[in-house]
Structure formats: structure tokens, C-alpha cells
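Read the structure below first, then the notes.
The values are calculated or read from the model by the stated rules, or taken from the named source; none is laboratory data. Since this is a predicted model, take the numbers as computed values, not measurements. Ligands, DNA and RNA are stripped out before the accessible areas are found, and what is left, the full protein with its side chains, is counted by its heavy atoms. Shrake-Rupley method; radii C 1.70, N 1.55, O 1.52, S 1.80 Å.
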Amino acid sequence: MTSQDPGRALLRHHGDVDAAPGLADFAVNVRAPAPPRWLRDRLVTALDTLGSYPSAAADLRAREAVAARHGRSPDEVLVLNGASEGFALLPDLRPRLAAVVHPSFTEPEVALGDAGVPVARVALRPGDGYRLRPELVPDEADLVVLGNPTNPTSVLHPAEVVAALARPGRVLVVDEAFADAIPGEPASLAGRGDLGGLLVLRSLTKTWGLAGLRAGYFLGAPELLARLASTRPRWPVGSLVLEAVTACCAPEAVAEADELAWEAREHTSLAVARLGDLVVVPPAAPFVLLRVPDGPRVRQALRDKGVAVRRGDTFPGLTPDHIRVAVRAPEQFAVLVDALRVVLEDA
């Protein structure tokens, strides 16, 4: 552990804790406060199936939809109760040494550490713009976990750089929870069925406003997915999750997600222009890492003005002066910019 280790308890801190009812929420990276109407209608219709157990046929339909979306086969898909369940399953791979690339989402380290798996932190450097350097990953690590694009830095690592981490005897887990928030998904490895040991983790939460439902999936070799699923209970995923995965991986939904990603890119460009020198690195995803003077005071002052942002010091490698802000539509984002300007001027 490093001197910047925020402690086990802080690793469990997430943006929903920073947000609260009545605050303008820039702490949580969910694009919409609720699913779109067409998705809500699909879920409402599926309510009539809740008297029956989730069926193998419904699971197959969901896996077929995911497979078609990524050019894979259905046996290369494992439907999950959100990406967090995917991280919780990683200890079942029985790794000898796990390397977790930081700063990044902390749940993988929590899940592995709680299971007694030795974890080596791979610290990306601010001087490199938090870009991935494969040579920093220990050769002996038989499990490597990283996010792409990375939360909270909003850095997108080139696909070929990430793929360079794969090797015989190693499982490479790439968390692509925000991949569909980037137009065209240029760095995604989701279609790489040829890369041995690769597991790609996807979430439907961010784009489709499904944080309360928990819907996601793993992509990987069937034998690897079987190891992950070996301790799951009977009927591990509910009918509404299966319906959401099926609906959100349909071609028309994928096209809509890409349109939303282009819109988010425009909003992010405007946000960066308004935030100026506070931006740490140019963001690829619709959230931005900032560094502000006297971060804890700034966060509290923003909260006093009704604005919630995500604290950064719970991410290994970041400091109390780092905060992460979710990008919203320009008229909404103006609330954050105006409040931040006042808080910094008051300092």
C-alpha cells in the first residue's frame, strides 16, 4: 500500500454517497435520471412475467442480443446484475496475484482484497496524463484489471496498448462500463474473441439510466465464464434484467446510444472550455477530473450551494484536491460552473 492509500473503508466510497436529494447531482456518472420511454415500456410489459422464474429461453435471448451486438457467440456472454457483480465474481478465478491499474474504479480491489487475493496496485502517473504503460504491470500477475475509458480520469487507452497486457496464463479484465459513451467505441475490445484470457465487462447503467436495476454482462471464452459462474445461485439474474439487456443490445438501441455519445462529446467539449485550467487531463468520456485548491473546502462549499461533486481522494493515486464531475447538458452544467466560480473567488 502507498502513502496515498485511502484505506479499505474509503475504497467503498462511490458517487451516490456524495449525492443527496435536493442537490444538483454532478457526482454520479449516470447520463439520465430514468430510462427512456421505450425502455420503460418494455420493462412494464415484462412485469407480467414476474410470476414465473426467469427462464433459460429469456437468458438465451439476452445472450443472443449481446452476442449479435458485439460479433460474438451466445456462449461467450454471461449476463450480470450490473458490472459490480462481475467484479464480485473475480475471486472465483483463484488468481495468485492480481494487478489493479489505478486511479480507477475501486470495487475490483475491494472484491479481490476481501477474498484474500494479493493485490498489486499499478499507479499510472499524472506526468504521463494517467496513460497506460504496460511495462508497469508485474510480469507475475495472472489477473490484471483496468478500466477503459478509466473512471475517474476519463482517459481512453488505445486498444492495442490494452491488448498488449494479454499473455498466456493471465486473465485480462477490461472494465468498459463507459465504452458506449464514446462515439464509435474506438478502443473497445468487446469484439476480440481471439485474445486469450480476455474478459470484457460492460454496463447498461450509464447510458440508459438503469442504476437501480443493475444490468450488465461479461464477454469472454466459455470456459472462463463457466469458472466465474460456478458459485452463482440458481436463477442468478431476474427477468427485468434479462429484458433490459435484450432491449438495450438491439440494433436500434445501439444506434441511439451512439447518437447520445456524440451529443455527450459536444457537451463535454463545452464543459472543458468552461472549466479551463482546472481540468487535469482532456476527457474522453462524459465526466471530467478536476484539481482545485483546498479540495475539501471547495466540495463542502459547493454542497452548501446545493451542488454535489464526486470526491477524488478515495481513488488510489489522487489527492483531496481532486474532484470528478459528471457532464450534463449545457444549461444544467452552468449550475456547477457558476457555483464553482463563486466558491473559488471566495477563496
- line: Whole-Hz Karplus couplings 3J(HN,Hα) for the range 90-98, θ = phi - 60° and coefficients 6.51, -1.76, 1.60, Gly and Pro as x, run 4, x, 5, 7, 6, x, 7, 8, 9
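Taking the solvent-accessible surface of protein heavy atoms with a 1.4 Å probe, what is the per residue accessible area of the chain in Å²? Kindly include the intermediate steps, with their values, before the conclusion.
Numbers: 14680 Å² over 347 residues.
On a per-residue basis, 42 Å².
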query: Ranked by accessible surface with a 1.4 Å probe, highest first, in what order do Ser188, Ser104 come?
result: Ser188, Ser104
query: Which helices, taking whole DSSP H runs in the chain, have alpha carbons extending 27 angstrom or more along the helix axis plus mean Kyte-Doolittle at least -1.0?
result: 251-275
- request: State the Cα centre-to-centre distance between the range 207-261 and the range 283-332 in whole Å.
  value: 29 Å
query: Which ³J(HN,Hα) values in Hz, rounded to whole numbers, follow from the phi angles of the range 174-183 under the Karplus curve 6.51 cos²θ - 1.76 cosθ + 1.60, where θ = phi - 60° and Gly and Pro get x?
result: 10, 7, 10, 4, 10, 4, 7, 8, 10, x
message: Could you compute how much accessible surface Thr106 exposes when probed at 1.4 Å, giving the result in Å² to the nearest 10?
response: 0 Å²
- request: Rounded to whole Hz and in sequence order, give me ³J(HN,Hα) for the range 277-291 from the Karplus expression 6.51 cos²θ - 1.76 cosθ + 1.60, θ = phi - 60°, writing x for Gly and Pro.
  value: 6, 6, 6, 6, 9, x, x, 9, 10, x, 8, 10, 8, 10, 10
- prompt: In square angstrom, rounded to the nearest 10, how much accessible surface does Arg69 have for a 1.4 Å probe?
  reply: 60 Å²
- request: Run the accessible area of the chain with a 1.4 Å probe and give the carbon-and-sulfur part as a rounded percent.
  value: 54 percent
query: What whole number of Å gives the distance from the Cα centroid of the range 57-86 to the Cα centroid of the range 35-52?
result: 19 Å
